[in-house]
Amino acid sequence: MGDVLLALSIPVLVFGGGIYAACDCWWRRRHPAPPSPYTHRAARLAEQDMLLLAEEIVDDAYAALGPLYDAPAAPGPSGPPTVLSSLPSRPASTPDRAPSRPAAVQKP
(Lines give C-alpha, C1' and ligand atoms only; values in the text may rest on other atoms or scores of the structure.)
Protein backbone atom coordinates (compact mmCIF):
# COMPACT_ATOMS: atom_id res chain seq x y z
CA MET A 1 0.00 0.00 0.00
CA GLY A 2 2.92 2.36 0.76
CA ASP A 3 4.36 1.90 -2.71
CA VAL A 4 1.03 2.77 -4.35
CA LEU A 5 0.69 5.98 -2.33
CA LEU A 6 4.26 6.95 -3.20
CA ALA A 7 3.67 6.24 -6.89
CA LEU A 8 0.44 8.30 -6.91
CA SER A 9 1.90 11.20 -4.93
CA ILE A 10 4.36 12.12 -7.68
CA PRO A 11 1.71 12.91 -10.37
CA VAL A 12 -0.39 14.72 -7.75
CA LEU A 13 2.57 16.93 -6.79
CA VAL A 14 3.39 17.66 -10.45
CA PHE A 15 -0.24 18.48 -11.23
CA GLY A 16 -0.52 20.66 -8.12
CA GLY A 17 2.67 22.53 -9.07
CA GLY A 18 1.27 23.18 -12.54
CA ILE A 19 -2.00 24.51 -11.14
CA TYR A 20 -0.08 26.77 -8.74
CA ALA A 21 2.12 28.12 -11.56
CA ALA A 22 -0.89 28.79 -13.79
CA CYS A 23 -2.76 30.61 -11.02
CA ASP A 24 0.32 32.62 -10.08
CA CYS A 25 0.85 33.66 -13.71
CA TRP A 26 -2.82 34.64 -14.04
CA TRP A 27 -2.69 36.67 -10.81
CA ARG A 28 0.47 38.53 -11.83
CA ARG A 29 -1.01 39.42 -15.22
CA ARG A 30 -4.15 40.80 -13.59
CA HIS A 31 -2.33 42.64 -10.79
CA PRO A 32 1.04 43.93 -12.05
CA ALA A 33 3.38 45.55 -9.56
CA PRO A 34 3.76 49.32 -9.90
CA PRO A 35 7.11 50.46 -11.29
CA SER A 36 9.63 51.31 -8.64
CA PRO A 37 10.80 54.93 -8.61
CA TYR A 38 14.19 53.73 -7.38
CA THR A 39 14.63 51.65 -10.52
CA HIS A 40 13.94 54.66 -12.77
CA ARG A 41 16.21 56.87 -10.70
CA ALA A 42 18.99 54.30 -10.82
CA ALA A 43 18.60 54.06 -14.61
CA ARG A 44 18.80 57.86 -14.95
CA LEU A 45 21.89 58.01 -12.74
CA ALA A 46 23.54 55.21 -14.70
CA GLU A 47 22.75 57.02 -17.95
CA GLN A 48 24.28 60.25 -16.64
CA ASP A 49 27.41 58.39 -15.51
CA MET A 50 27.70 56.72 -18.91
CA LEU A 51 27.35 60.06 -20.73
CA LEU A 52 29.99 61.67 -18.51
CA LEU A 53 32.36 58.76 -19.15
CA ALA A 54 31.75 58.94 -22.91
CA GLU A 55 32.34 62.70 -22.87
CA GLU A 56 35.60 62.19 -20.99
CA ILE A 57 36.74 59.57 -23.51
CA VAL A 58 35.95 61.86 -26.45
CA ASP A 59 37.73 64.79 -24.80
CA ASP A 60 40.82 62.67 -24.13
CA ALA A 61 40.83 61.37 -27.70
CA TYR A 62 40.48 64.87 -29.11
CA ALA A 63 43.29 66.13 -26.89
CA ALA A 64 45.54 63.29 -28.06
CA LEU A 65 44.59 63.30 -31.75
CA GLY A 66 43.46 66.90 -32.25
CA PRO A 67 46.67 68.01 -33.97
CA LEU A 68 46.08 65.40 -36.68
CA TYR A 69 42.82 67.10 -37.62
CA ASP A 70 44.12 70.67 -37.66
CA ALA A 71 44.38 72.43 -41.02
CA PRO A 72 47.66 71.72 -42.78
CA ALA A 73 50.20 74.49 -42.92
CA ALA A 74 50.28 76.72 -45.99
CA PRO A 75 52.64 75.50 -48.72
CA GLY A 76 56.08 77.03 -48.68
CA PRO A 77 57.41 79.58 -51.20
CA SER A 78 58.29 76.77 -53.61
CA GLY A 79 54.60 76.04 -54.13
CA PRO A 80 52.69 72.80 -53.79
CA PRO A 81 54.67 69.55 -53.66
CA THR A 82 55.46 67.96 -56.99
CA VAL A 83 54.10 64.56 -57.92
CA LEU A 84 56.85 61.99 -58.23
CA SER A 85 54.76 59.31 -59.90
CA SER A 86 55.43 58.40 -63.53
CA LEU A 87 51.91 57.06 -63.95
CA PRO A 88 49.37 59.30 -65.70
CA SER A 89 46.87 60.91 -63.37
CA ARG A 90 43.49 59.24 -63.09
CA PRO A 91 40.39 61.07 -64.28
CA ALA A 92 38.21 62.56 -61.60
CA SER A 93 35.44 60.39 -60.23
CA THR A 94 31.84 61.06 -61.10
CA PRO A 95 30.41 63.81 -58.89
CA ASP A 96 27.00 62.20 -58.56
CA ARG A 97 25.81 58.77 -57.52
CA ALA A 98 24.91 57.76 -61.06
CA PRO A 99 26.86 54.82 -62.45
CA SER A 100 29.93 55.80 -64.44
CA ARG A 101 30.28 55.12 -68.15
CA PRO A 102 31.76 51.76 -69.10
CA ALA A 103 35.45 51.74 -69.98
CA ALA A 104 36.51 51.60 -73.60
CA VAL A 105 37.35 48.15 -74.91
CA GLN A 106 41.06 47.63 -75.42
CA LYS A 107 42.25 45.41 -78.22
CA PRO A 108 45.04 42.98 -77.36
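Here are a few things to note about the model shown:
- Ligands, DNA and RNA left out, the accessible area of the stretch 1-60 computed with a 1.4 Å probe is 71% carbon and sulfur.
- Solvent accessible area, Å² - V58, 1.4 Å probe, full protein context: 90 Å²
- Lys/Arg +1, Asp/Glu -1 at C-beta; the stretch 28-67 dipole; positive extreme among A64, S36, L52: S36
- Solvent-accessible surface of protein heavy atoms, probed at 1.4 angstrom with all chains present, puts D70, D3, D24 in the order D3, D70, D24, largest first.
The values are calculated or read from the model by the stated rules, or taken from the named source; none is laboratory data. None of these values were measured; they are calculated from a predicted model. Glycine gets a Cβ as well: all are built from the backbone with ideal geometry, and neighbour counts include every protein chain shown. Accessible surface areas use protein heavy atoms only, side chains included; no ligands, DNA or RNA. Shrake-Rupley method; radii C 1.70, N 1.55, O 1.52, S 1.80 Å.
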